[in-house]
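The values are calculated or read from the model by the stated rules, or taken from the named source; none is laboratory data. Keep in mind that this is a model prediction, so the values were computed, not measured. Backbone-built Cβ (ideal geometry, glycine too); neighbour counts: all protein chains shown. Each accessible area value is taken on the protein alone, full model and side chains, heavy atoms only, with ligands, DNA and RNA left out. Shrake-Rupley method; radii C 1.70, N 1.55, O 1.52, S 1.80 Å.
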Amino acid sequence: MGREPEIITSKDKMRRWSRAMRAQGKAIGLVPTMGYLHKGHLALVNEVRQHAQLIVVSIYVNPGQFSTSEDLSTYPSDFNGDLQKLMSVPGGVDVVFNPHDLYDYGSWRGTEGMEKKEDVGEVSCLEEKGGGHETWVRVEKLEKGLCGKSRPLFFRGVATVVSKLFNIVEPDVAVFGKKDYQQWRIIRRMVRDLDFAVKVIGSDIVREDDGLAMSSRNVYLSPEERQKALTINRSLSKAKHAAEEGQINCKILQDSVILAIEEAGGKVDYAEIVDQETLEAVEEIKAPVVICIAAWFGKARLIDNIEINA
Ligand code: AMP
């Protein structure tokens, strides 16, 4: 086992720590997470180590990005297991920031009493329960498509919480996974538009040996659903291969992915080929694109993507 990280739960203390380290000339790297860590998260830790002397991993399940019809109260967590995993990474990490006071919740404790409601997701769990927050960051165009269509408040919540984390931790660099491709692009755009002094790095998707993209939500899959969910990555790889062989018609490629997933019993939320920078849909592949997909297998909504650098 490696060294134990310092656990910081108050934002004032976090900021004091960061400022003291920066005064010593040390560069700080941040990896924001919602916990229930897996090797995908640990790869981000290894990546950030290449760019900073000190590493902060934040673990915080953000109620601002869950609508009241989503899975906040059942989102998996295992704080002690997370600490063990972070200690097992060569070099360890310096701080685990697990804020208990990130938002002004009033008397609400963060996830309690937040059972799913049958609404269309127009209110976030934070607004439903916590009274003391009304400022939001929106990246207006990039947040609209792909996951933003079925989760209209999601990226507002993400951009806001990441802004708060950047303001509190004041990192020099932060690493995000390309698994959440739209999120990564949105954060990069936000940093550029709002002049955050943070370098944002995208880290490649980490997969299980059989190709399934690692995700905290994979625990929701039964063994049978998990097997069927392999069609996501397989159909993406097949479509990429077809594109590289000359099939540049996006509709044909998208339809092949949708068909494969539906035949396996999945329910496709979207399968779209979009420009890598703007995330706008394209009809023919002429420049670097990414095929993005979200599909339900049982209770799990899984996302995945594959870049095609034409
Ligand atoms: P989450 O805890 O799911 O909010 O994820 C925290 C960070 O880990 C985000 O930047 C994700 O994109 C990244 N991440 C999650 N799963 C993977 C994966 N399989 N490969 C690479 N990065 C990932």
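Okay, here's what the table says:
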| read-out | value |
| --- | --- |
| Contacts under 6 angstrom Cβ, first residue in the stretch 210-223 being more than 8 Å from the ligand (Cβ to nearest atom), partner open to solvent by 20 Å² or more (accessible area, probe 1.4 Å), 6 or more apart | G211/N233; Y220/K299 |
| Residue in the stretch 190-205 that is nearest to A27 (Cα to Cα), counting only those that are part of a helix (DSSP H, G or I) and open to solvent by less than 40 Å² (accessible area, probe 1.4 Å) | V191 |
| Counted residues, the stretch 182-204 - those being within 9 Å of the ligand (Cβ to nearest atom) and over 15 Å from P32 (Cα atoms) | 1 |
| Matching entry among Y36, Y60 (being on the phi > 0 side of the Ramachandran plot, out of contact with any strand residue (DSSP E or B) (no Cβ under 6 Å at 6 or more places or on another chain) and within 11 Å of the ligand (Cβ to nearest atom)) | Y36 |
| Pair list, Cβ under 7 Å, 6 or more apart: the stretch 131-153 residue within 23 Å of R192 (Cα to Cα), other residue aromatic (F, W, Y) and not in a helix (DSSP H, G or I) | L146/Y270 |
| Qualifying residue in the stretch 49-58 (condition: farther than 27 Å from M214 by Cα and within 23 Å of the chain's Cα centre (by Cα)) | no |
| So I303, is it open to solvent by 10 Å² or more (accessible area, probe 1.4 Å), of a type in the set (V, I, T) and touching a residue at least 60 places away in the same chain (Cβ under 8 Å) | yes |
